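Since the structure comes first, as structure tokens, the remarks are kept for the end.
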Amino acid sequence: MTHYLEFEKPLAEIEGKAEELRAMARANPEMDVEKEAAALDSKAATLLGDLYKTLDPWRKCQVARHPDRPHCKDYIEALFSEYTPLAGDRNFADDHAVMGGLARLGDRPVMVIGHEKGHDTKTRIERNFGMARPEGYRKAIRLMDIADRFNIPVVTLVDTPGAYPGKGAEERGQSEAIARATEKCLQIGVPLVSVIIGEGGSGGAVAFATANRVAMLEHSIYSVISPEGCASILWKDAEKMREAAEALRLTAQDLSRLGVIDRIIPEPRGGAQRDRRTAIATVGEAIGDFLDKLEKKSRKALIRDRREKFLSMGEKGLAA
Amino acid sequence: MNWISNYVRPKINSLFSRREVPENLWTKCDECGTMLFHRELSGNLNVCTSCDHHMGITPHERFAALFDGGVYAEVKVPEPLADPLHFRDQKRYPDRMKAAQKSTGSPEAMLVAQGEIGRTPIVAAAQDFSFMGGSMGMYVGNAIIAAAERAVSAKLPLILFSAAGGARMQEGILSLMQMPRTTVAIEMLKEAGLPYIVVLTHPTTGGVTASYAMLGDIHIAEPNALICFAGPRVIEQTIRESLPEGFQRAEYLLDHGMLDRVTPRGKLRDELISVVRMLLGLPPAVMGDLPAPAPETPETAATPDPVEPTEPAAKQV
């Protein structure tokens, strides 16, 4: 069943009508409704295209968090072969909010690491809604170290509301773990490519996305704070999230203008959730393309490239 | 009202009506409620003389007490683009900036300086919590990069005093990007083999803790400082239970292995001198209040920036 977002209600009505007609026709084989149903279909398609062409930042947030959007696990299963999960931080635990391991993209071995949100109640709880604890970041550090030692490029898939704000997470050094992961991203002498596939939530995202090349899906977001959080602090009213989403400039389009990301990966009409296979394939092409170019660079050049990229970031503001 | 009174009055006002008498001669300690006379309080580095509660201290006050004779040279910080996102909440970001500049008298939330402590040349950076919660935006990022660059070029250790609510939301994603940016700066120091000491002061939270504040060779915190990634209120809302006594305070972090030491403000200077000199393989320092270094010392002479000697701090005997 399609999960409709609030702003998709008019669409839900049209698609619902078409579905009703077809259900009636199935019950009475002599009824011919195909013409009417097809008309509704084309009306729905136009509406869908229009809605998604002009998504405002708050709607983008909703699409980025859409439960049917392909998640890290879906990308890993579809894009990579021989995926071999590697678990644990060798210290305390294995964090299920972060998945990662060796895999092949085509023939090329890579280390893939990403946040996984889960797709139903059971897996969402198991994955802690994609909110990593220190163990998750320390696992990522360990995997990046392996990749660095054996000269394997790293691909990170970012999709997290943020790092987990819990008692144990704080006690075990959530800040230190994030800081070290960011530092590790800057240190490794292998290509590091990052794709923000849904939500890039604050420090929890930066820890994976301090990469040579960062791409964002067309309707994904990347922000210092959630619009709800920002609204409750600056507007003293969590209901002002629309205004906050607007002011924060968290869309792929704004981030590209600011020079924070390198590429926007287009999504199928109606968002990645409406055509998961196409969305996943497009992401795969972008990763392959980035890696082809980066693999020609020396270890030193890759490290320098990353440093210079972040040092010069923000110099031009929206004029970039 | 004619144009002359309009034009002249503000200037005269600002010349005569302020300064002379400090507005608040007495400060109430937020912890024990004791009324403290301003001179007594500043003489004790803004630490309550009755309960040892550490109150906020501005970078200028801190540096005046830290450097020999209270003398240091400010390191220039490249000015970033103002209001890069054209951010507006209930107020415009440039208006918030102006208000903060007016109330603090500082251009931004971090001060970088070079000078000597116990005759040991260092670079120091201090964050100003009174300036928009010390929040980390492009300027703070630039300040840390400038501090690291100066430390590397002059081959000096860097001591950083952190105090911030986190990233500056009004700079959106660009404030978040200061996490990797400042991490690059710390990398440069480490590569050059220079000590990087972080003094975590109240409060150090959010993206600041999750970047440069937790990447020091040595972490020292002031007593009872709140140090965390997510604040206690956010955590209570998430886990829906109350948190233990002293949670996320300096002593709690020390117990959980996140800090090397918790040191009262009055003892920080001697401890920093001692640690830095040992890390650099220098002989023990002459401790105590030292006069400003002679102007001809090579360290000062090598400083290209104009030396702005500040008033020697009021020292207690």
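Annotations
- Condition check for B:Thr201: more than 10 Å from every other protein chain (Cβ to nearest Cβ) and either under 27 Å from B:Leu174 (Cβ atoms) or surrounded by 18 or more Cβ atoms within 10 Å (Cβ to Cβ) (or both): yes
- Matching option when the condition is in contact with a strand residue (DSSP E or B) (Cβ under 8 Å, 6 or more places away or on another chain), farther than 24 Å from B:Ile144 by Cα, away from chain B (no Cβ under 14 Å) and among the basic types (Lys, Arg), among A:Arg263, A:Arg274, A:Arg269: A:Arg263
- All positions within segment B:215-231 that are in contact with a Phe, Trp or Tyr (Cβ under 9 Å, 6 or more places away or on another chain) and within 9 Å of chain A (Cβ to nearest Cβ): B:Leu215, B:Ile227, B:Cys228, B:Ala230
- Members of segment B:34-63 found to be at pLDDT 95 or above, in a strand (DSSP E or B) and farther than 12 Å from B:Gly266 by Cβ, listed by number: none
- If you go through segment B:235-281 and keep only what is within 23 Å of the chain's Cα centre (by Cα) and closer than 20 Å to B:Gly206 by Cβ, you end up with B:Gln248, B:Arg249, B:Ala250, B:Tyr252, B:Leu253, B:Met258, B:Leu259.
- Pairing residues of segment A:84-106 that are touching a residue at least 24 places away in the same chain (Cβ under 8 Å) and open to solvent by 40 Å² or more (accessible area, probe 1.4 Å) with residues that are in a loop (DSSP other than H, G, I, E, B) and not charged (D, E, K, R), at Cβ distances under 8 Å and at least 6 apart in sequence or on separate chains, gives A:Asp94/A:Ala87; A:Asp94/A:Gly88; A:Leu102/A:Leu86; A:Leu102/A:Ile152; A:Arg104/A:Phe80.
- Top-ranked residue in segment B:64-83 [being aliphatic (A, V, I, L, M) and open to solvent by less than 30 Å² (accessible area, probe 1.4 Å); ranked as nearest to B:Arg269 (Cα to Cα)]: B:Leu66
- All of (1) buried (at least 18 other Cβ atoms within 10 Å of the Cβ); (2) out of contact with any Lys or Arg (no Cβ under 9 Å at 6 or more places or on another chain) hold for A:Glu315 with one exception: (1).
- Test result for B:Ile227, touching a helix residue (DSSP H, G or I) at 6+ places or on another chain (Cβ under 6 Å), in a strand (DSSP E or B) and open to solvent by less than 20 Å² (accessible area, probe 1.4 Å): yes
- Any hit, segment A:188-205, residues being of a type in the set (A, V, I, L, M), within 7 Å of chain B (Cβ to nearest Cβ) and out of contact with any His (no Cβ under 6 Å at 6 or more places or on another chain): no
- Residues of segment A:164-190 that are in a loop (DSSP other than H, G, I, E, B) and open to solvent by less than 10 Å² (accessible area, probe 1.4 Å): A:Gly166, A:Gly173, A:Ile188, A:Gly189, A:Val190.
- Neighbours by Cβ (under 8 Å, 6+ apart or cross-chain): first from segment B:34-57, under 19 Å from B:Asp289 (Cβ atoms) and touching a residue at least 24 places away in the same chain (Cβ under 8 Å); second open to solvent by 50 Å² or more (accessible area, probe 1.4 Å) and aliphatic (A, V, I, L, M): B:Arg39/B:Ala314; B:Ser42/B:Ala314; B:Gly43/B:Ala314
- Filter result (assigned to a loop (DSSP other than H, G, I, E, B) and crowded, with 21+ Cβ neighbours inside 10 Å) within segment B:249-269: B:Met258, B:Leu259
- Matching residues, segment A:139-177, being within 14 Å of chain B (Cβ to nearest Cβ) and at positive phi: A:Gly162, A:Gly173
The values are calculated or read from the model by the stated rules, or taken from the named source; none is laboratory data. These figures come from a predicted structure and were not determined experimentally. Neighbour counts run over all protein chains shown; Cβ positions are idealised from the backbone, glycine included. Areas reflect the complete protein model, heavy atoms only, side chains present, ligands, DNA and RNA absent. Shrake-Rupley method; radii C 1.70, N 1.55, O 1.52, S 1.80 Å.
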